[in-house]
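Engineer: Would you mind keeping the following structure in view while I ask a few things?
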Amino acid sequence: MIAYVEPAITPENQKICEMLRARGLHCMISVASTHDKLKTKEERAAEYKEEINKRPDIIESDIPAEVWKVLQLGK
């Protein structure tokens, strides 16, 4: 199962994510309505990197190729 936990993992919902994961659920964020709307690729990449560092299980995006590139840079 997947639980949508807001557009980002925050200190306020981090504990909820931990409890959900302990029960076998995956936590999903959506950057489509926030980071995907930024004007430049560089701005989006910086925000994607910030979210990736918070370790969501699933990231929903309207520009998945850009998110993928940022993920690959972190390897």
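Engineer: Output the direction-averaged projected area (hull surface divided by four) of the convex hull of the alpha-carbon atoms of the chain, in nm².
Structural biologist: Projected over every direction and averaged, the Cα hull of the chain covers 5.0 nm².
Engineer: Would you count, across the chain, every pair of lysines whose alpha carbons are under 15 angstrom apart, provided the pair is eight or more residues apart or spans two chains?
Structural biologist: Counting lysine pairs in the chain gives 5.
Engineer: If you don't mind, another one. Can you tell me, using C-alpha contacts under 8 Å and at least 6 residues apart, the relative contact order of the chain as a whole percent?
Structural biologist: 32 percent
Engineer: Going by average Cβ neighbours within 10 Å, how do the peptides 48-61, 5-18, 25-38 rank, with the highest at the top?
Structural biologist: So the peptides 48-61, 5-18, 25-38, ranked by packing, come out 25-38, 48-61, 5-18.
Since every read-out is calculated from the coordinates, none of them should be taken as a lab result. Fair warning: this is a prediction, and the values are worked out from it, not measured in the lab. With ideal geometry, Cβ positions are generated from the backbone for all residues, glycine too; neighbour counts draw on all protein chains shown.
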